[in-house]
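> One structure is given below, represented as structure tokens, and several questions about it will come after.
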Amino acid sequence: MMTIAKKELRGYFNSMIGFVFLVIMLGITGISFALFNVAQQYGSFQQVLSSTTIVYLFLTPITTMRLFAEEARQKTDQMLFTSPLSIVQIVLGKYFAALGLILIGTAVTIMFPLMIARYGTMPTGQIVSGYIGYILLAACYTAIGTFISTLTDNQIISAIITFVVLFVLMIFDSLTQVIPTTATASFIFIIAVALAIGWIIYNGTKNVFAGAGVAAVCIIAALVCYLANNLLFDGLTTKVIQWFSIMTRNGNFFAGVFKISDVVYHITFAALFVYLTVNGLQKRRWK
Amino acid sequence: MVEVKNLTKRYGAHFAVDDISFTVDDGEILGFLGPNGAGKTTTMNIMTGYIAATSGDVAIKGVDILAEPEKAKRHIGYLPENPPVYGDMRVDEYLNFAADIKKIRSADRKAMIANIKEGVRIEDVSRRLIKNLSKGYRQRVGLAQAMMGYPDLIIMDEPTVGLDPKQIIEMRDVIKKLGKKHTVILSSHILSEVSAVCDRVMIINKGKIVASDTPGRLSSSLTQGSQIQVRIKGDPKKVEAAVKDFPVIRSVKADGSREPGTCDFILSGDEDADIREAVFACMSKNSLPILNMRAMDLSLEEIFLQITSSEGGGAK
């Protein structure tokens, strides 16, 4: 794992991408810091941190686009996948390299709150909470980008799809204002989710019964609930979307609300996409 | 060393590899031969664990490549058709990376890299960026990567494609040298190359093995009877008449005229019969000077064409 991570990190700085990334990331954070904290003498750095997470939208695709797409195009993946390294090691190596690049940038930004701290007392708890949110968001986005990079052998396409997906994730919350909230609509939504879960299980295990079984159980359970008390389904879609919204949960960290459940959510989210990456690559080696 | 059983790879309705089985012994140099799209690369990709077969098994030293990939892959060095080199690395950096992913202990590493670089003759480009190297050097750097860790089995997909004639000869020497210590499987559609280096040739066409034997036996098994080609100065009619007195010479076939005043013939006798002396006696009796005489073994090119053009092929 370390071998791959080392190689990827070196690759970033051999190919300018690393420098471009750091310049943009630190440039934007620095400018925000200068505008809000210095020029307007606004004391809260976590607000700056929060507003700069929008940069991830186009920074993450830059760091993750090449991970697997470029290997596939150059056919160098043949060397990796025929070496005694396991796919998990390769994926984790690449994932942590991309995340590591972001962490390098993040480490540099710590100087900003330290500067503010000289002129007053630093709200250490809030800053730390903000940074945890900042890093966890990067972990989730990087996992998505890594996964998408395995789907194509074209870096540009990989970057664009990643950007679009991250963008949709960001505006996910606003969806709640336009979707219907009736019980029936929610019921249909639940069925769709059950089918999707069944399909994912089938895809992961290649077992038709497992996939169909899980989907059937979910649908039957939903149907029973719906017939028993359809008030339960009122506005359920909205609630589910809000529960799943990464932006709502991530925003908590910057608002100074530190919940373990949010941490667990982020880690699960990232782990899911890393798992999908490993699974997708492994499947090419299945009968 | 390698055991391949009933290997099949299907893409939709198309069979890239269709139920092939073979074994490779320790220390053997095996050549896959076949036209483009015959399934050579697919077979190699499956054997190295890069892709999975639709059905069938591959065992390297008794270890199944899909059941225990990490263990099986330790025994394999693979040089794919496009050398899997990173353009933005220097040669030394790349070889160190290769040693890393092949889990070479750092104590052995320096000596191993130096030794391999000497073997494939890339010492003089150690500090150069791979993207600036010529195709020949890249190919050799790719080979160096495959040799890293001295795996028991080295698989090379079209190792000489894109090299100039001098580099091809050098590459052949390297492969021959490798064959002394390792089991080598290589593929090619250039036949002279296969016959020059391989102990055994397997001809693959449309996903099936159509012939498998030593290069020598392959050519003799396909030559019907003993045939010789002669060039004779004189009248063709006189030659045909002269031959009639010698029943050992079963048939005579005119083969055109390539030099003024001469004509070429293909003479054939019974299988295993040596008709060269009879031909000499016959021609000297009729004062027809023999300018050329050579045995007509089918060259591998001809075998190849004969086998791959006839469906299924007869020589097994």
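> Can you name the number of the only condition in (1) within 13 Å of chain A (Cβ to nearest Cβ); (2) open to solvent by 10 Å² or more (accessible area, probe 1.4 Å); (3) closer than 30 Å to B:Thr23 by Cα that B:Gly119 fails?
If we test B:Gly119 against (1) within 13 Å of chain A (Cβ to nearest Cβ); (2) open to solvent by 10 Å² or more (accessible area, probe 1.4 Å); (3) closer than 30 Å to B:Thr23 by Cα, just (1) comes out false.
> I'd like to check which helices (runs of 4 or more DSSP H) are fully inside segment A:1-105 and have at least 3 residues that are open to solvent by 30 Å² or more (accessible area, probe 1.4 Å) and within 14 Å of another protein chain (Cβ to nearest Cβ).
By residue number, A:2-14, A:66-74.
> Looking at A:Val128, A:Val165, A:Val108, can you tell me which residue is surrounded by fewer than 20 Cβ atoms within 10 Å (Cβ to Cβ), hydrophobic (A, V, I, L, M, F, W, C) and closer than 30 Å to A:Arg285 by Cβ?
Exactly one residue qualifies, and that residue is A:Val165.
> Next up: Could you grab the pairs with beta carbons closer than 9 Å, sequence gap of 6+ or different chains, first residue in segment A:124-148 and over 28 Å from A:Glu8 (Cα atoms) and among the acidic types (Asp, Glu), second one crowded, with 24+ Cβ neighbours inside 10 Å and modelled with pLDDT of 95 or more?
Pairs found: none.
> Moving on to the next point. Looking only at residues that are within 18 Å of the chain's Cα centre (by Cα) and open to solvent by 10 Å² or more (accessible area, probe 1.4 Å) in segment B:41-60, which one is nearest to the other protein chains (Cβ to nearest Cβ)?
Per the criteria, the residue is B:Asn45.
> Let me ask another. On the basis of being within 14 Å of chain A (Cβ to nearest Cβ) and either of a type in the set (Gly, Ala, Ser) or open to solvent by 20 Å² or more (accessible area, probe 1.4 Å) (or both), does B:Tyr94 make the cut?
no
> Exactly one condition in (1) within 14 Å of chain A (Cβ to nearest Cβ); (2) over 20 Å from B:Glu81 (Cβ atoms); (3) at pLDDT below 90 is not met by B:Val63; state its number.
Status for B:Val63: all satisfied but (3).
> Next question. Those residues that are charged (D, E, K, R) and either farther than 17 Å from A:Leu85 by Cβ or more than 8 Å from chain A (Cβ to nearest Cβ) (or both), I need them from segment B:72-91; list them, please.
Result: B:Glu81, B:Asp88, B:Arg90.
> List the strands (runs of 3 or more DSSP E) inside segment B:151-229, counting only whole elements, that have at least 2 residues being modelled with pLDDT of 85 or more and within 23 Å of A:Ser83 (Cβ to Cβ).
It comes to B:153-157, B:183-188.
> When the residues of segment B:250-278 are filtered to those that are assigned to a strand (DSSP E or B) and hydrophobic (A, V, I, L, M, F, W, C), which remaining residue is surrounded by the most Cβ atoms within 10 Å (Cβ to Cβ)?
The residue in question is B:Leu267.
> Is it true that B:Arg140 is away from chain A (no Cβ under 14 Å) and either open to solvent by 80 Å² or more (accessible area, probe 1.4 Å) or of a type outside the set (S, T, N, Q) (or both)?
Yes, satisfied.
> Right, here's the next one. Going by what's in this entry, would B:Lys5 be described as assigned to a strand (DSSP E or B), open to solvent by 50 Å² or more (accessible area, probe 1.4 Å), among the charged types (D, E, K, R) and more than 9 Å from chain A (Cβ to nearest Cβ)?
So B:Lys5 fits the description; yes.
> I'd like the full set of residues that are open to solvent by less than 20 Å² (accessible area, probe 1.4 Å) and outside any loop (DSSP other than H, G, I, E, B), limited to segment B:9-40.
B:Ala16, B:Val17, B:Ile20, B:Phe22, B:Val24, B:Ile29, B:Leu30, B:Gly31, B:Phe32, B:Leu33, B:Lys40
The values are calculated or read from the model by the stated rules, or taken from the named source; none is laboratory data. Quick caveat, the model's predicted, so the values are computed rather than measured. Cβ atoms come from the backbone with ideal geometry, glycine included; neighbour counts cover every protein chain shown. All accessible areas refer to the heavy atoms of the entire protein, side chains included, with ligands and DNA or RNA removed. Shrake-Rupley method; radii C 1.70, N 1.55, O 1.52, S 1.80 Å.
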